[in-house]
Amino acid sequence: FNLTFPLQVLLDLSYAYRPQAMWAPASTRFGVAGQFRNLNRFSNRYDFDPANPGRKGREWEIKTYVQFTY
């Protein structure tokens, strides 16, 4: 995607409904993922503020998911 972020952090927590064995495929999972990004002038969603030129932007993204397998 060729996007630039000075700092990008991802945290993903999930719970497996049934633990998987070494030979079995992955089990059904429920999870929450959070991502934080700092934005600067090279980031595509950065909005420059002329009143405060040294300010960096911030972006938060929080997702919930369910992954089904059988």
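The values are calculated or read from the model by the stated rules, or taken from the named source; none is laboratory data. If you're wondering where the values come from, they're calculated on a predicted model, not measured in any experiment. Here the Cβ is made from the backbone with ideal geometry for all residues, glycine too, and neighbour counts use every protein chain on show. These accessible areas exclude ligands, DNA and RNA; they are computed on the full protein's heavy atoms, side chains included. Shrake-Rupley method; radii C 1.70, N 1.55, O 1.52, S 1.80 Å.
Please tell me if Gln8 is of a type in the set (S, T, N, Q) and modelled with pLDDT of 75 or more. Outline the logic, then answer.
Working: of a type in the set (S, T, N, Q): yes; modelled with pLDDT of 75 or more: yes.
Here the answer is yes, as Gln8 does meet what is asked.
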Inset, instruction - Specify the residue that is farthest from Leu13 (Cα to Cα); the eligible residues are those in the stretch 34-51 that are open to solvent by less than 70 Å² (accessible area, probe 1.4 Å) and in a loop (DSSP other than H, G, I, E, B). - result: Asp49
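I'm trying to understand the selection: among the residues of the stretch 52-70, which are touching a residue at least 12 places away in the same chain (Cβ under 8 Å) and surrounded by 10 or more Cβ atoms within 10 Å (Cβ to Cβ)?
Once the filter is applied, which keeps residues that are touching a residue at least 12 places away in the same chain (Cβ under 8 Å) and surrounded by 10 or more Cβ atoms within 10 Å (Cβ to Cβ), the stretch 52-70 yields Lys56, Gly57, Arg58, Glu59, Glu61, Ile62, Lys63, Tyr65, Val66, Gln67, Thr69.
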